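Asker: Attaching a single structure in C-alpha cells format; questions to follow.
Each reported figure results from applying straightforward, stated rules to the coordinates on display, with no laboratory input. None of the values given here were measured: they were computed from a predicted structure. Glycine gets a Cβ as well: all are built from the backbone with ideal geometry, and neighbour counts include every protein chain shown.
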Protein chains: 2
Amino acid sequence: MSKLEEVADALKLLGDRNRLTIVALLQVKELCVCEIVDILKTSQPNISQHMRKLRDGGLVKESRRGQWVYYSLCLEDKPYILDILKEIPSQAALIEPAICETNDCCT
Amino acid sequence: MSKLEEVADALKLLGDRNRLTIVALLQVKELCVCEIVDILKTSQPNISQHMRKLRDGGLVKESRRGQWVYYSLCLEDKPYILDILKEIPSQAALIEPAICETNDCCT
DNA sequence: AATAGAAATAAGCAAATAATTATATTACTA
DNA sequence: TAGTAATATAATTATTTGCTTATTTCTATT
C-alpha cells in the first residue's frame, strides 16, 4: 500500500464524527469502552466496532485491566494526526459529567 | 456545525484515494478537469463530482478560463491540511507524462 | 446559427459503511 | 462453580458513497 493510501485510510477513519470525537477524548486521557459509550450516548457494540477499526488502523492501542479494556492513542509515528487534533477544541468537558456516577470503572 | 464536525467533514473528503491524490496534485499546480481525468484514468463525470465535493467542502476553488475550468487549492484557513499533505510524497511525476500530448488545454 | 469540445448534472447501481439487535466470550465475584 | 458485568463478535438493516452511462449546459469556433 502506498504512503498516500495509508494516509487516506487514516483520514477515512478520522472522517467520522464519532471516531474523531473518540480520538479527541483519548487525547485527554485513556478511557474504557463503557466510558466512551456513556459519553457518546450510543450502543456498546457500536463503540466496540469503532474501536476495532481504530485499532486495526493503528491509531489506538488497548490494554485489558480486569474486566475493562482501556484504549489510548498510539500516534507517535503519525505527527500529522496530532496536528489535526490541535485544530479541535478540547473534549475534556465531555468526560467529567458522564462517568463516575453510574460506573465503577474509574474508581 | 461544530468545529469538530467541520474537521471530520474535511477529513472525510480527504479520506478517499482519488480525492487525496487530486489535492496532492493541485499542490504542484492548478489543473483543469480534463488533465485530472487523464492523470487519474477515470471518467470525466467521476472527476467532476469529486471536484464538486472538494469545492463544496471549501478545499478548492475554480476559475473558468475559456472552455476550461481550472481548480486550485484553497487551504489558507486550514493549515492542518497542509500538514497532512506534507506527509504525502510529491505527485508531480504524475503530471508531466499525462498532459500536453492529446490535450490542447495547457498550450 | 450550427457545430464541437469541456464540464456539469441526472439517474441508476453496486459496494462500503454505520448502526442495531442478538449472541458469545472473558474475567471477576459470591 | 454459578452468576454477573464488560467487551467482542455475528448477523441484519438502512444509509451513504463512488462510479457508470446518458444528457445537458456553457463556451468558443466556423
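Asker: Where the label is 7 Å out from Cα toward Cβ, how close does A:Cys74 come to the same position in every other copy, in nm, shortest first?
Answerer: Label-point separations across copies, in nm and ascending: 3.8.
Asker: Another question about this same structure. Could you size up the charge dipole of the protein assembly as shown around its Cα centre, putting +1 on the beta carbon of Lys and Arg and -1 on that of Asp and Glu, and report it in debye to the nearest 20?
Answerer: 280 debye
Asker: Let me ask something else. Test of the criteria: in the range B:32-91, which GluC sites (Glu not before Pro) are in a DSSP loop and have at most 14 other Cβ atoms within 10 angstrom of their Cβ?
Answerer: Here the GluC sites (Glu not before Pro) that fit, given the DSSP loop and packing criteria, are B:Glu76.
Asker: In degrees from 0 to 90, rounded to the nearest 10, what is the angle of the helix A:44-56 Cα long axis to the longest principal axis of chain A?
Answerer: Once rounded, the angle reads 30 degrees.
Asker: Taking every residue in B:74-85, how many Cβ atoms of other protein chains lie within 10 Å of its Cβ, on average?
Answerer: 3
Asker: Is there a quick way to get the dipole size of the range B:3-98? I mean about its Cα centre, with the Cβ of Lys and Arg at +1 and of Asp and Glu at -1; what is the value in debye to the nearest 20?
Answerer: 220 debye
Asker: Right, another one. For B:Lys61, place a label point 7 Å from Cα along the Cα-to-Cβ direction in every copy; what are the distances to the other copies, in nm, shortest first?
Answerer: Copy-to-copy label distances for B:Lys61: 4.5 nm.
Asker: I'd like to know how the range A:3-97 sits against the 2.2 N^0.38 Å rule of thumb: what's its Cα Rg over that expected value?
Answerer: 1.03
Asker: Return the calculated 222 nm mean residue ellipticity for chain B, to the nearest 500 deg cm²/dmol, obtained by summing -39500 (n - 2.57) across DSSP H runs with n ≥ 4 and dividing by the residue count.
Answerer: Value at 222 nm, helices only: -16500 deg cm²/dmol.
Asker: Separate question: Using the alpha-carbon atoms, what tilt in degrees (0 to 90, nearest 10) does helix B:17-28 show relative to the longest principal axis of chain B?
Answerer: 70 degrees
Asker: List the lysines whose Cα lies under 17 Å from the Cα of B:Lys61, skipping any in the same chain that are fewer than 8 positions away.
Answerer: Within the straight-line limit of under 17 Å, B:Lys61 reaches these lysines: B:Lys29, B:Lys53, B:Lys78.
Asker: Let me ask another. Of all trypsin sites (Lys or Arg not before Pro) in the range A:6-82, which ones are in loop regions per DSSP and have a Cβ with at most 14 other Cβ atoms within 10 Å?
Answerer: A:Lys29, A:Lys41
Asker: List, shortest first and in nm to one decimal, how far the label point of A:Leu4 (7 Å from Cα along Cα→Cβ) is from its counterparts in the other copies.
Answerer: Values, ascending and in nm: 3.2.
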